[in-house]
Amino acid sequence: MLGPLQSLLEPRAGERVLEVGAGNGYYTLEIAGGVHPGGSVDILDAHPDRLAAAMRAADERGLANIAPTLGDARYLPFDDGAFDAAYLVAALGDAADGAAALTELRRVLRPGGRVVVGELNGDPHRVTPAQLATCAASAGLRVARRVDGLLGYVARLEPVHDG
């Protein structure tokens, strides 16, 4: 799942990236390495214990470019256009309102920014590809590319342009 995530997210040195629902930081650590030097990863989670676990893992790996934020994906405490890219893995289905979460992600992205959603098979809150397409459309986004694998799928979203 990490390979397809990195392929669709395309993290680059110097970028600011947001991860929603970081959990224990499994994906965070790799993405943080991908934006080094000069870049950072902000992680947002509604569970302080998960943020603490992710930060412990970052400390163990010597990564100092990760900033934790306790919060709700429907109300991101970041400025408009603050991020180059954003991603969620096995987190959209946990959000109280997935369309609101995607709308917020779109808001905090710079023009041309990248949004990637990953879903794991077997997750009880898994969002199917059809559900993701509907949810994305409600946020003014569309699935531009999807990579399916044994563990689940990863999809890159982009804004829907009129005309």
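The values are calculated or read from the model by the stated rules, or taken from the named source; none is laboratory data. These numbers were taken from a predicted model, which means no experiment stands behind them. Virtual Cβ from ideal backbone geometry, glycine too; neighbours counted across all protein chains shown.
What to note about this one:
- Residues of region 121-134 that turn out to be modelled with pLDDT under 95 and not in a loop (DSSP other than H, G, I, E, B), as a count: 0
- Some residue of region 16-27 being of a type in the set (K, R), buried (at least 17 other Cβ atoms within 10 Å of the Cβ) and in contact with a helix residue (DSSP H, G or I) (Cβ under 7 Å, 6 or more places away or on another chain): no
- Residue count, region 103-122 (criterion: more than 15 Å from the chain's Cα centre (by Cα) and under 19 Å from L9 (Cβ atoms)): 2
- Out of L2, L70, one residue alone is touching a Phe, Trp or Tyr at 6+ places or on another chain (Cβ under 9 Å) and surrounded by fewer than 16 Cβ atoms within 10 Å (Cβ to Cβ). It is L2.
- Counting only residues that are closer than 18 Å to R156 by Cα, aliphatic (A, V, I, L, M) and within 13 Å of the chain's Cα centre (by Cα), region 74-102 holds 9 of them.
- Listed by first and then second residue, the pairs with beta-carbon distance under 8 Å, at least 6 apart or on different chains, first residue in region 147-163 and modelled with pLDDT of 95 or more, second among the aromatic types (F, W, Y), are V147/Y153.
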